[in-house]
Amino acid sequence: MNISTQTGTQDSTQPTTTAVVTGATSGIGREVARQLADLGWRVIAIGRDQEALDELAASSERITPRRADLVTDDLDGLVPEQVDALVHAAGISPSTSVEDTSEEDWERVLALNVTAGAALARRALPALRSARGTIVFVNSGAGTAARPRNTPYAASKHALRALANGLRVEEEENGVRVSTVYPGPTDTPMFGGDVDRAALIRPESVAKAVVMAITASDDVQLTDIHVRPRRELSW
Ligand SMILES: NC(=O)c1ccc[n+]([C@@H]2O[C@H](COP(=O)([O-])OP(=O)(O)OC[C@H]3O[C@@H](n4cnc5c(N)ncnc54)[C@H](OP(=O)(O)O)[C@@H]3O)[C@@H](O)[C@H]2O)c1
């Protein structure tokens, strides 16, 4: 990673850095894509919603939209040859108890929230090693504590935390760093809690934490970043 990306906007004499961002059609992932593009990064923006992808791509020539269902589509070809950062923000959050969750629902939440992140990381590792790049997994408070009627989601986020922690030590010698960002309740379509939405975290604030992990000084990695609302909520 070049020096200018560690501190902010790229200058024209530096090679372009590239990020792959999932969940880029909405909420936190979309803000990550926008902020990285504003900093001069080339962004491969992944999601299923074609209209949202078109809108995002229209906002910056640095953003390349890639339509893909990360559960059902072949992931080959989504990761370019040069990658400096991978952000896995795509996720679903079924509000069901164990009693009410079918095997298919379990498979879906684990496939998107965990397996897709691992599969993309696997494909990006050679490029990330060359670039001394960064992987950021967008986790959740549910990655450290489970709540009723949220168990499949919490199980997937606990697994995602283990993925990040294991991958970090596996890749330590290879120069790839791995960060987890744990957002609290954030004002995106995913959050349906009965609360004054003004009290929620803004998605751009979570995105800033993701960008901070990616642009951290080369001698460190920001392993776990918890982003909580200024005034604590019960979620
Ligand atoms: N909002 C919160 O309160 C909160 C709190 C803690 C953690 N988080 C985490 O933050 C991350 C981002 O969530 P968000 O709040 O920004 O939610 P969001 O606005 O609902 O965005 C979810 C994203 O996931 C993508 N996605 C869903 N299914 C997909 C699939 N099968 N294939 C590819 N992409 C898929 C969606 O894109 P398409 O529909 O276009 O495919 C969308 O871009 C998630 O990992 C979530 O668990 C959120």
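The numbers here are math on the coordinates, done by the rules we state, and not lab data. Note that the structure is predicted; figures quoted are calculated from it, not measured. Cβ placement follows ideal geometry from the backbone for every residue including glycine, while neighbour counts extend to all protein chains displayed.
Among the residues of region 46-56, how many are within 14 Å of LEU120 (Cα to Cα) and either part of a helix (DSSP H, G or I) or of a type in the set (A, V, I, L, M) (or both)?
Of the residues in region 46-56, 1 are within 14 Å of LEU120 (Cα to Cα) and either part of a helix (DSSP H, G or I) or of a type in the set (A, V, I, L, M) (or both).
Considering each of ARG149, ARG123 in turn, give the residue that is of a type outside the set (Ser, Thr, Tyr) and on the phi > 0 side of the Ramachandran plot. Reasoning before the result, please.
Details: ARG123 fails: on the phi > 0 side of the Ramachandran plot.
Among ARG149, ARG123, only ARG149 is of a type outside the set (Ser, Thr, Tyr) and on the phi > 0 side of the Ramachandran plot.
Does any residue of region 36-45 turn out to be free of Cβ contacts under 8 Å to residues at least 12 places away in the same chain, of a type outside the set (Gly, Ala, Ser) and not in a loop (DSSP other than H, G, I, E, B)? Step through it out loud before you land on a result.
Taking region 36-45 as the starting set, the residues that turn out to be free of Cβ contacts under 8 Å to residues at least 12 places away in the same chain are none.
No - not one qualifying residue is present in region 36-45.
Which one is surrounded by the fewest Cβ atoms within 10 Å (Cβ to Cβ) among residues in region 22-33 that are in contact with a Leu (Cβ under 7 Å, 6 or more places away or on another chain) and in contact (Cβ under 8 Å) with a residue 60 or more places away in the chain? Lay out the reasoning, then the answer.
Taking region 22-33 and keeping what is in contact with a Leu (Cβ under 7 Å, 6 or more places away or on another chain), we get 22, 24-25, 30, 33.
After this cut, where a residue has to be in contact (Cβ under 8 Å) with a residue 60 or more places away in the chain as well, the list is 22, 24, 30.
Details: THR22: 27, ALA24: 31, ARG30: 25.
Per the criteria, the residue is ARG30.
State whether the residues of region 207-229 include one that is more than 11 Å from the ligand (Cβ to nearest atom), in contact with a Leu (Cβ under 7 Å, 6 or more places away or on another chain), free of Cβ contacts under 8 Å to residues at least 60 places away in the same chain and not basic (Lys, Arg).
Checked against the condition, which is being more than 11 Å from the ligand (Cβ to nearest atom), in contact with a Leu (Cβ under 7 Å, 6 or more places away or on another chain), free of Cβ contacts under 8 Å to residues at least 60 places away in the same chain and not basic (Lys, Arg), region 207-229 yields at least one hit.
GLU55: closer than 22 Å to PRO189 by Cα, among the charged types (D, E, K, R) and surrounded by fewer than 20 Cβ atoms within 10 Å (Cβ to Cβ), yes or no? Give the steps one after another, and end with the answer.
Details: closer than 22 Å to PRO189 by Cα: yes; among the charged types (D, E, K, R): yes; surrounded by fewer than 20 Cβ atoms within 10 Å (Cβ to Cβ): yes.
Criteria met by GLU55.
Find all pairs meeting these conditions: Cβ atoms under 7 angstrom apart; at least six residues apart or on different chains; first residue within region 57-81 and within 19 Å of ALA124 (Cβ to Cβ); second residue small (Gly, Ala, Ser) and part of a loop (DSSP other than H, G, I, E, B).
LEU70/ALA90; LEU78/ALA68
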